[in-house]
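J.: Below you will find the structure I want to go over with you.
The values are calculated or read from the model by the stated rules, or taken from the named source; none is laboratory data. The model shown is predicted, which means the values in this text are computed figures rather than measured ones. FYI the Cβ positions are ideal-geometry reconstructions off the backbone, even for glycines, and counts take in every protein chain you see. The accessibility values were calculated without ligands, DNA or RNA, using every heavy atom of the protein model including side chains. Shrake-Rupley method; radii C 1.70, N 1.55, O 1.52, S 1.80 Å.
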Amino acid sequence: MEQDDEMPENGESLHPSVIIHVDFDYYYAQVEEVLNPDLKNKPIGIKQRFHIVTCNYKAREFGIKKMELIKDALNKCPNLVIVNGEDLSKYKTYSKRISDLLHTMIGPSERMGLDEHFMDVSKQVQGQISKMSREMLNQLRFTGPFYPNEEAFSKCSCGCENRLMVGSQIAQNIRDKILNELKLTCSVGIAHNKLLAKLVGQMNKPNNQTVLAPMAAAEFMAELKDIRSITGIGNRTANRIEELGIKSISDLQECEIDKLQKKFGSDMATRLKEMSVGCDSVEVKPSGKPKTVGLEDSCRPISIRSDAQEKFHALLSRLVTQIQDDGRIPQSIKVTVRKYDPVKKNSIRETKQCSLIPSHFRCAEGKIQLVEGAEDKIIKNVMMLFDRMVDLKQQFNITLLGLCFSKFQDQKRGPGSIANFLMKKQDVEVQSITNLSNESINGSFGDSFRSKTASPSSSIMDYETMSNTSLDFSGSEESEFEHSPKKRKKLSILLVAKGRRYSSNDDLASPSKLNVSALKLNGSGSVETSEGHVMKTNSIPSRVISPLCISNEPIACSSTKSPELPPNVDPNVWQELPLDVQRELMRSWQPASGSQLKVNPIASHSKSKPGGTLHKYFIRNS
Ligand SMILES: [Zn+2]
C-alpha cells in the first residue's frame, strides 16, 4: 500500500474512480412482495425444487437461511409462505426494468446475475465537481453511512474524498429512484474500486448504502477475516490458500508472496496479495445496452394540441440527452398518449411508432446529437402520430405523453452503414402503425403497476423484452477467480478495429486494414503506409480525418481544403463518410499518372475493381 504517497509524481490521482455496486435485497422474495403486497408483512420463502433459495427479512427472523431445505424451514417457521420461484420470468422482467432505469440515470451498468450491478460513475462525478465553486465543494457532505469514520477520508489528498462524497449522493439518488419507480430496495456500496464497492455495500443491509475511505481499505479487508469474503475466491481457492496455513485475510496480507507464487503462480499470487489489501484494477464492463430508451411524463390534462407539441419537444430533447453517450443511433420512435375519458372515467393508453432517418443524428466529440432542423422534422412526425391517436374534433384530455427510441443501430464503419449516410434527403416516414387498439399494457404487471409507480416527473418506460444476447441471466457469471484486467485499449486502435468490418479483397489497398502505428506523416502531408502506398491527406477536411489524430503519432489535422473528388461525386455525401471509406474510395479513384479523378459508372459495378461496390453510392443522380 502506498499509504504515505498522497499524490504520485505523475500528478495522477491515487484513487481516481468512483464505483457504485447495487445489490438488491432478498431479490426474488422482494419482487414477490411488490407483485403481491399482501405478502409484505409475512415471512416468505422462494422455493426451487427442495430448497428455499431466498427469503425475506421477516422469514430470516425465524432463522431461515438461503438454500435451506423446505421441510427444515417449515420446522422453524410453520407459517412460512412458500412461493414457487422456478419460473424466473418475472424476476428477469424486473431485472430488465432495473437495467433500463440505471441506464437512464447513469449509463450502461455491468450486471452480475439478476440482482447486482456495478456502475463506474467517475465521469458523472468529475462532471459535477468541475461545475462546483470552491464554496460548494466545502459544503459537500457524505450521504449515508461510511467506513470507518469521516476523518479517514481526509487522509488522502488526491481528491477522492470529494469524489466519494458526490458518489454517495449519486448512490442515494439511485436508491430513491429505484424505490420510487420499482418499489424495490437495495444495498449499495461506494468505493474507488469494484472489489471494495461490492464488499462495503454489505455493511449496512438492507436498504442502505456505505462509502469506504480508500486509505482504510486494508484495515477494512482485514476486518472481514474469512478469505472467502473476497469476491472471486470460492471454496476451492480458499481451501488451497488455507493449506498454506493462511486462515484469515490479515494472514494473507502478511504472507510472503513467494509462498503464494509456489502454489498459485506469479499472476494469481500477485492478485491475491492485491485483493487482500483491497487493491483492484478490474474495470466495470458494461453489459448489453437496452433495446429501448424512453421517457414518459404524466401531466395535468392537456386539451390543446400545441400544448402536447410543446411537451413532445421537451421530451425529445431530454431523450436525446439520454442517448448521447450510447454510441448507437435509434431508427424508430414510439409515441405514447394516455387519454382520460371523463364519461367512462377510465384512461386509455395508445402507442404508435414511426421510423427515424439515421442522418437526423450525428456524432460530435463522441456524443450523439440531432443535426440542425431534425428536431422539428421529428416532432412533425410525432404530431402526425398524435393526430391519429387523438380525435381533435372532440374534446380530449391527455394525462400522459411519452416518447421512446428503439431499433438502435451501432454506428458501423463499412458498407452496411453507407446507406445511412446517403438517406439524408428523405424525411421521417410513418412506417408502421402498431397497436391500433387500446394499448394498455396487460399481463402480470399491468397498468396497476405503472400507475402506482409513475412518478410525477418522469419515469423510464417501455419494458419490452430485451433480445440482447449479450445479457446472460443464467447461472453464475462470476468465475471462481477473476483475472487481471485487460489493458485499456487505445481509442485509435478501436477505430481501426472497427474499420476492419469493412474489408475488401484487396488487402494492400484497404486502408481499413492498416495498423495506425504503421501510418506515418511525411512532409508533404500524405500518409504513407507500411506497404509504401501513398495517400494524399491534405485535401481531406479536418473534421473527417480527426479520429486518427487520437493515435500515438499525431497526423496533421489543420488542412480544411476540399478533397479532389471526381466531378460526379456529391461532396456533401462524401463528407459524411467514415474516414476509412473515404480513403478506400480515394485510393480506388487515384489516377495512374496525375490525370483527373474519375468514377466510371459502368466500371463501378464491376466487383473486380477495388471499392467497386461502393462507387455506385457516390454518383450523383442527374
Ligand atoms: Zn485518494
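J.: Which residue is farthest from the ligand (Cβ to nearest atom), if the candidates are limited to the stretch 192-216 and must be within 24 Å of the chain's Cα centre (by Cα) and hydrophobic (A, V, I, L, M, F, W, C)?
T.: Among those that are within 24 Å of the chain's Cα centre (by Cα) and hydrophobic (A, V, I, L, M, F, W, C), it is Leu199.
J.: Of the residues Glu243, Glu219, Glu256, which single one is within 16 Å of the ligand (Cβ to nearest atom), of a type in the set (Asp, Glu) and open to solvent by 30 Å² or more (accessible area, probe 1.4 Å)? Show your work before the answer.
T.: On the way: Glu243 fails: within 16 Å of the ligand (Cβ to nearest atom); Glu256 fails: within 16 Å of the ligand (Cβ to nearest atom).
Result: Glu219 is the single residue among Glu243, Glu219, Glu256 that is within 16 Å of the ligand (Cβ to nearest atom), of a type in the set (Asp, Glu) and open to solvent by 30 Å² or more (accessible area, probe 1.4 Å).
J.: Could you please find all residues in the stretch 138-172 being among the small types (Gly, Ala, Ser), within 15 Å of the ligand (Cβ to nearest atom) and surrounded by fewer than 18 Cβ atoms within 10 Å (Cβ to Cβ)?
T.: Ser154, Ser157, Gly159
J.: Right, next: Quick one: in the stretch 59-77, which of the residues that are in a loop (DSSP other than H, G, I, E, B) and in contact with a Gly (Cβ under 9 Å, 6 or more places away or on another chain) is surrounded by the fewest Cβ atoms within 10 Å (Cβ to Cβ)?
T.: Cys77
J.: Within the stretch 32-46, restricting attention to residues that are at pLDDT below 95 and in contact with a helix residue (DSSP H, G or I) (Cβ under 6 Å, 6 or more places away or on another chain), which residue is nearest to Thr185 (Cα to Cα)?
T.: Result: Lys40.
J.: With the condition being in contact (Cβ under 8 Å) with a residue 12 or more places away in the chain, in contact with a Leu (Cβ under 8 Å, 6 or more places away or on another chain) and within 22 Å of Pro286 (Cβ to Cβ), I'd like the strands (runs of 3 or more DSSP E) fully within the stretch 318-388 carrying at least 1 qualifying residues.
T.: Correct list: 328-341, 361-364.
J.: So Pro301 passes all but one of these: (1) crowded, with 18+ Cβ neighbours inside 10 Å; (2) in contact with a strand residue (DSSP E or B) (Cβ under 7 Å, 6 or more places away or on another chain). Which condition number does it fail?
T.: The single condition Pro301 does not satisfy is (1).
J.: I've got another one for you. Quick one: what pairs do we get from the stretch 182-194, first residue assigned by TED's automatic domain parsing to the domain that holds Gly232 and at negative phi, second open to solvent by less than 10 Å² (accessible area, probe 1.4 Å) and among the charged types (D, E, K, R), C-beta under 7 Å, 6+ apart or different chains?
T.: Thr185/Asp25; Cys186/Asp25; Ser187/Asp25
J.: Of the residues Glu181, Glu135, which single one is touching a strand residue (DSSP E or B) at 6+ places or on another chain (Cβ under 9 Å), over 25 Å from Ser281 (Cα atoms) and away from the ligand (no atom under 15 Å from the Cβ)?
T.: Details: Glu135 fails: touching a strand residue (DSSP E or B) at 6+ places or on another chain (Cβ under 9 Å).
Only one candidate passes the filter, namely Glu181.
J.: Here is a follow-up. Being in contact with a Pro (Cβ under 9 Å, 6 or more places away or on another chain) and either over 22 Å from Leu101 (Cα atoms) or polar (S, T, N, Q) (or both) is the filter here; which residues of the stretch 169-198 pass it?
T.: Thr185, Ser187, His192, Asn193, Leu196, listed by residue number.
J.: Of the numbered conditions (1) outside any loop (DSSP other than H, G, I, E, B); (2) open to solvent by 30 Å² or more (accessible area, probe 1.4 Å), Asn41 fails exactly one; give the number of that condition.
T.: (1)
J.: Can you tell me which residue is farthest from Val282 (Cα to Cα) among those in the stretch 92-132 that are of a type in the set (A, V, I, L, M, F, W, C) and open to solvent by 20 Å² or more (accessible area, probe 1.4 Å)?
T.: Per the stated criteria, the residue is Met132.
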